[in-house]
Amino acid sequence: MLRGWGDPRGKKYSVPRGLHLIFPEDWTFGRVRLGTGSKFDVIPVYSGPEGDRYALWTTATSATGKWVRFDVPQDQVELVDILKDESHFAKSNVSKTGWMKIVIDGPKEDGAAPKRYQLSLAGTMIMEGDPDDEETSEVSFVEYPKEEDDKIVKISFVKA
């Protein structure tokens, strides 16, 4: 599972009440859930002078599996059948405990190098006392590098 960490509203989340990325069957994009999330495989897809790139594969909504696509302009993540460039990400700021930032290249603009963004999971709409299956659409991207603030930008993969 992909878990986010942060301190929104002065309340730290920890397993099992962490914030997780989930793809509910009745939604076309990923959401943030308190408690548990979708399971992912992290697949290496590229290694080169710019560093290693990975992609996420999940069978959350399909027995045959789908790739996760990071749609930076729309501020959402979605599932696609075919691996695309927008599915690739780099790991950055990886700590000894496994926390990291997921970094995505933004759209290319007029031959300039693309801006880089990092995946953010937030839970400002989730209140104390909400059940473990509470969900919000607070998946977004913030410019990279960015220090921690009210957005959850540290990510880890935990065994389900």
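The values are calculated or read from the model by the stated rules, or taken from the named source; none is laboratory data. This one's a predicted model, so the numbers in the text were calculated from it and none came from an experiment. Using ideal geometry, Cβ is built from the backbone for each residue, glycine included, and neighbour counts are taken over all protein chains shown. We work out accessible area using only protein heavy atoms, side chains counted, and drop any ligands, DNA or RNA first. Shrake-Rupley method; radii C 1.70, N 1.55, O 1.52, S 1.80 Å.
Data overview
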quantity: Of residues in segment 75-95 being open to solvent by less than 70 Å² (accessible area, probe 1.4 Å) and over 16 Å from the mean Cα position of the chain (by Cα), the one farthest from Ser137 (Cα to Cα); calculated: Ser95
quantity: Residues of segment 30-43 classified as open to solvent by less than 50 Å² (accessible area, probe 1.4 Å) and either of a type in the set (Phe, Trp, Tyr) or without any contact (Cβ under 8 Å) to a residue 60 or more places away in the chain (or both), total; calculated: 3
quantity: Filtered residue count, segment 56-78, keeping only those that are over 23 Å from Arg116 (Cβ atoms) and in a strand (DSSP E or B); calculated: 2
quantity: Residue in segment 91-99 that is in contact with a Ser or Thr (Cβ under 9 Å, 6 or more places away or on another chain) and among the β-branched types (Val, Ile, Thr) present; calculated: yes
quantity: Residues of segment 62-74 classified as open to solvent by 50 Å² or more (accessible area, probe 1.4 Å) and modelled with pLDDT under 90, total; calculated: 2
quantity: Selection count where residues are under 14 Å from Ile102 (Cα atoms) and either open to solvent by less than 60 Å² (accessible area, probe 1.4 Å) or modelled with pLDDT under 95 (or both), scope segment 45-58; calculated: 5
quantity: Top-ranked residue of segment 117-144 - restricted to ones that are over 12 Å from Val32 (Cβ atoms) and at pLDDT 85 or above, ranked as surrounded by the fewest Cβ atoms within 10 Å (Cβ to Cβ); calculated: Glu143
quantity: Residue in segment 88-96 that is β-branched (Val, Ile, Thr), closer than 22 Å to Lys154 by Cα and in a strand (DSSP E or B) present; calculated: no
